[in-house]
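Scroll down for the structure; my scribbles are underneath it.
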There are 2 protein chains.
Amino acid sequence: MITRTEIDERIRRLQARLAESAMQAALLLMPSDIFYFTGTRQNSALWIPANGEPVLLVRKSLERARAEGLIGDIRPFPSSRELSALLGSEGDAVGMTFDAVPVQQHAWYSKVLPGRRLADCSMIVRELRSVKSPAEIGLIRRSAEKLISVFREVPAFLKAGMRELDLAAEMEYRLRRIGHEGFVWMRAFNQELFGGMAVSGGAASYGFFDGAVTGKGLSSAAPQGASLEVIRENEPVLLDFVGVFDGYLVDMTRMFVIGSLDAELRRAFGVSLEIQEAVRKAMVPGAICEEIYRHAAAMAEDAGLGGNFMGMPGEQSRFVGHGVGLELDELPVLAQGFAMPLQAEQVVAVEPKFVIPGKGAIGIENTFAVTEAGGERLTRLSDEIVEL
Amino acid sequence: MITRTEIDERIRRLQARLAESAMQAALLLMPSDIFYFTGTRQNSALWIPANGEPVLLVRKSLERARAEGLIGDIRPFPSSRELSALLGSEGDAVGMTFDAVPVQQHAWYSKVLPGRRLADCSMIVRELRSVKSPAEIGLIRRSAEKLISVFREVPAFLKAGMRELDLAAEMEYRLRRIGHEGFVWMRAFNQELFGGMAVSGGAASYGFFDGAVTGKGLSSAAPQGASLEVIRENEPVLLDFVGVFDGYLVDMTRMFVIGSLDAELRRAFGVSLEIQEAVRKAMVPGAICEEIYRHAAAMAEDAGLGGNFMGMPGEQSRFVGHGVGLELDELPVLAQGFAMPLQAEQVVAVEPKFVIPGKGAIGIENTFAVTEAGGERLTRLSDEIVEL
């Protein structure tokens, strides 16, 4: 579990970054950020000055925040007049995560904190959070073990004739029983995910989700994930699920088939394993994110699968991996446009996948930690297609 | 299902409200709003001018948006230069839902749409969406029937000795198998809900969720809903679950017990039924939301349960009902501070509940439509405590 010492260290690192950026404080409002810096996820606002002690201001539940929180000063949310006396002074630059905080919240704090200049500290917070401690990697590894235990059970319940929805329900039920926390935190505006994807066969897979495989979902209101399509023999069955235990996420994909897959699909799967291994080897501190992506895309291109890489032809995503931790869409992103270098102990889900129109989606996904020796796999389960 | 005629009518009503508010257009970015006005929930931005035709600009998936969307002009998201030529002109007031749109999105559109004044249209959109069409009420009624079918099965699987988590998993599994869409849309910043609440016995229930009963949850990262506590005989078992089918939500709570409840709990339950009936009768067009809440709170007070109404003593929520539709926290809210009058065909989940420290949570919840004859119940299942 996360200790008070680790929380202190996280706060100290943020304070150093605020000082470097000439911000006098950060005012954090996102639950995932508040949990990261305090150990409690209650409805609250967290004030972290560049110099001085953090204060957690709690709307609900104060009792629970005090029972769980790992910082010293936890108090009821004050009146707006008291806020201004409490939180810095006029002329301060105050960081706020503009990527996620709504305009109304920003406007309210601008009014009750006159003279402060609110500034965007999203990237500072996200970058700090992207580098995991040994304790966090331990928690992700534990989430992986639990998620793997359910993947191992798939041969017992996957049958021809069941619907994608039935398969998803079996996965979700087993994950829940072993403590899956249900809600998957995502940070990006306009994204959401329920549990995972159970997608089979040749039905076109196209949706809003910013990933290679989206699934058809159940309606135009919920247009991703499992559908009512029936799973048939000799068709690829892709299970892409997220484990969420004690707040920490892990992300995996495995392929299943009742019978066997044709040569084209098997070949594409082989290419996804080659790309995964190339990415894994490249995951060393200092490697440039978008260069790793471009190399992966070039490998797909060289294999004649460039038009199928990471999505339906015409709807391809331009990434091959994404950070995971408290959220499913953390930094770093192995994607076009991300010129930042990898750092040791970042944790990345690598997911080279192909969509072959008329045949289905195929690929692999594992979660790795960045180390000097390349990506260290946290999801230790055979990559091979499971033939039933 | 929702027809093109209904979508046209929704757009026409928004256009009238924009004109009244001297806004030249609305630029909608929230998935729930986009779905409401187009019939498709893809990653996109929706431009609705006060005069003229709406345009849906789609990032992903354009193909799916075109297949599902019920407006005429659906096109790829353009370059930022093209956006300015497409979306109104300098001097326009452009509505945006400041309650939910992040600061970064606001800043980006401010930059690419120079000279427009972005203004908050959250309340316009939320109020329009609060009044349901016959088709929408039909969909909510259908969601209710599906949710009820699972509530009816509870006696078959609720056993002493199971954990709250096991009970939640059984509910979730059955709901999922009949098409529950999983993700529960909530609008409020800082709120989230997974499925529902399965809460038993006397363990204190306190958490961030803005409701009467929160549950302990599984960890400080997921501090609401079912916990690992074991369900015992003669303790109240509260099941508060949301049905989500074809996008439309319904919300219900029922009480169960293995054995029987003591007199204090039974009496509190009786008071919750009396409050529910008083609220139901008061749910006529023109009734003032906060007056309904105050009357409910006064009834609890008169029964000697004022300190237990709608939450743990000291952590009480100050509401007794909330709108439902595409989101769990729609307008109207029967709460202190909501001076607005009810309108016919608004749909409200009414949930008078009590928390008795050391004994547990007890109460009722049903979803009603506002009519001239008072609330019309959409969740038609006996309110009585189910004794096993």
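Any read-out appearing in this document is the output of simple, stated calculations on the displayed coordinates, not a laboratory observation. All of these numbers come straight from a predicted model, not from anything done at the bench. Positions of Cβ are generated from backbone atoms using ideal geometry, with glycine treated the same way; all protein chains shown enter the neighbour counts.
Quick notes on this one:
Residue-by-condition table, conditions (1) acidic (Asp, Glu); (2) in contact (Cβ under 8 Å) with a residue 40 or more places away in the chain; (3) farther than 30 Å from B:Met96 by Cβ:
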position	(1), (2), (3)
A:Ala119	no, yes, no
A:Arg142	no, yes, yes
A:Leu147	no, yes, yes
A:Ala160	no, yes, yes
A:Arg174	no, no, yes
A:His180	no, yes, yes
A:Gly196	no, yes, yes
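- Enumeration of residues in the range B:1-43 that are surrounded by 20 or more Cβ atoms within 10 Å (Cβ to Cβ) and of a type in the set (Ser, Thr, Tyr): B:Ser32, B:Tyr36, B:Thr38, B:Thr40
- Here is the figure for the range B:172-185: residues that are in a loop (DSSP other than H, G, I, E, B) and either at the interface with another protein chain (Cβ under 7 Å from one of its Cβ atoms) or surrounded by fewer than 19 Cβ atoms within 10 Å (Cβ to Cβ) (or both) total 5.
- Number of positions in the range A:115-129 that are within 13 Å of chain B (Cβ to nearest Cβ) and part of a strand (DSSP E or B): 3
- Qualifying residue in the range B:346-356 (condition: within 14 Å of chain A (Cβ to nearest Cβ) and buried (at least 21 other Cβ atoms within 10 Å of the Cβ)): yes
- Strands (runs of 3 or more DSSP E) wholly inside the range B:44-114 that include at least 2 residues being buried (at least 22 other Cβ atoms within 10 Å of the Cβ): B:55-60, B:93-96
- Which numbered condition B:Ile288 misses (of (1) away from chain A (no Cβ under 14 Å); (2) under 17 Å from B:Gln276 (Cβ atoms); (3) not charged (D, E, K, R)): (2)
- Any chance B:Gly69 is at positive phi and more than 8 Å from chain A (Cβ to nearest Cβ): no
- Picking from residues in the range A:1-26 that are of a type in the set (Lys, Arg) and touching a helix residue (DSSP H, G or I) at 6+ places or on another chain (Cβ under 9 Å), the one that is nearest to A:Gly247 (Cα to Cα) is A:Arg10.
- The sole residue among B:Val55, B:Val125 that is without any contact (Cβ under 8 Å) to a residue 40 or more places away in the chain and in contact with an Asp or Glu (Cβ under 7 Å, 6 or more places away or on another chain) is B:Val55.
- Restricting attention to the range A:186-209, the residues that are touching a Lys or Arg at 6+ places or on another chain (Cβ under 9 Å), more than 7 Å from chain B (Cβ to nearest Cβ) and surrounded by fewer than 24 Cβ atoms within 10 Å (Cβ to Cβ) add up to 5.
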